[in-house]
1. Quick check: from the Cα gyration tensor, does region 15-66 come out rounded (a/c under 1.5), prolate or oblate?
2. If I take R0 = 35 Å and measure r between the Cβ atoms of Tyr61 and Asn124 in this structure, what FRET efficiency does the formula 1/(1 + (r/R0)^6) give, to the nearest 0.05?
3. Give the average over all directions of the projected area of the C-alpha convex hull of region 39-97, one decimal, in nm².
4. Provide the FRET efficiency to the nearest 0.05 for the Glu72-Asn39 pair, computing r from the beta carbons and using R0 = 35 Å.
5. Mind grabbing the accessible area of Lys68 for me, 1.4 Å probe, Å², rounded to tens?
6. Pairs Lys51/Lys111; Lys51/Lys121; Lys68/Lys115: which exceed 22 Å Cα-Cα?
Amino acid sequence: MEENTSITKENIFNEYSLINLSTISGGDIIDISILKFRNNILTERYSTIIKPTRPIEDAVYETTEITKQELENADTIDKVMPRILEILGDSTILSPNGKTTRAILDYQCKKLGLKINNLYKDINDLPKEEYNQMKTSVFNLLYECIGLATKA
């Protein structure tokens, strides 16, 4: 899997999904959050905890603040991944670890017989102007959510 180098300002900022996920050893996703934007406007928000297929170490509970009960009551990846793919659609995946995030999603999809074709990019590799546009959109959203009048 190679990083798509044909990502341009136009296709990143037409529709993109910011993804943050937590995993355990072996590649199981235990938590995923997605903010999907079209033309820098939030169109969808999704966050869920995912029940892993293997036992996890106690340290994971401390670092993620996810409880054992939350994981036990959560849906498994086979139930969650189709929803994740539906949300992502054709959007570009942006993540602080774009290549790793995409590899984890690829791995989980392959295990389930699904496929993900989204372009992806590491946020840290974006040109300064595009990074600042994306950051401003996210900060404006955060300000709106917590009720502050001043925007970035």
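1. Numbers: a/c = 3.40, a/b = 2.75, b/c = 1.23.
It is prolate, given that a/c is not under 1.5 and a/b is the larger ratio.
2. Details: r = 28 Å, r/R0 = 0.81.
About 0.80, to the nearest 0.05.
3. On the way: hull surface 22.1 nm².
Computing the convex hull of the Cα atoms and averaging its projections yields 5.5 nm².
4. Result of the calculation: an efficiency of 0.30.
5. Using a 1.4 Å probe on the heavy atoms, I get roughly 110 Å².
6. Values: Lys51/Lys111 15 Å; Lys51/Lys121 27 Å; Lys68/Lys115 30 Å.
With Cα atoms farther than 22 Å apart: Lys51/Lys121; Lys68/Lys115.
The values are calculated or read from the model by the stated rules, or taken from the named source; none is laboratory data. Every value quoted in this text rests on a predicted model; they were computed, and no experiment measured them. Virtual Cβ from ideal backbone geometry, glycine too; neighbours counted across all protein chains shown. For accessibility, only protein heavy atoms count, side chains too; no ligands or nucleic acids. Shrake-Rupley method; radii C 1.70, N 1.55, O 1.52, S 1.80 Å.
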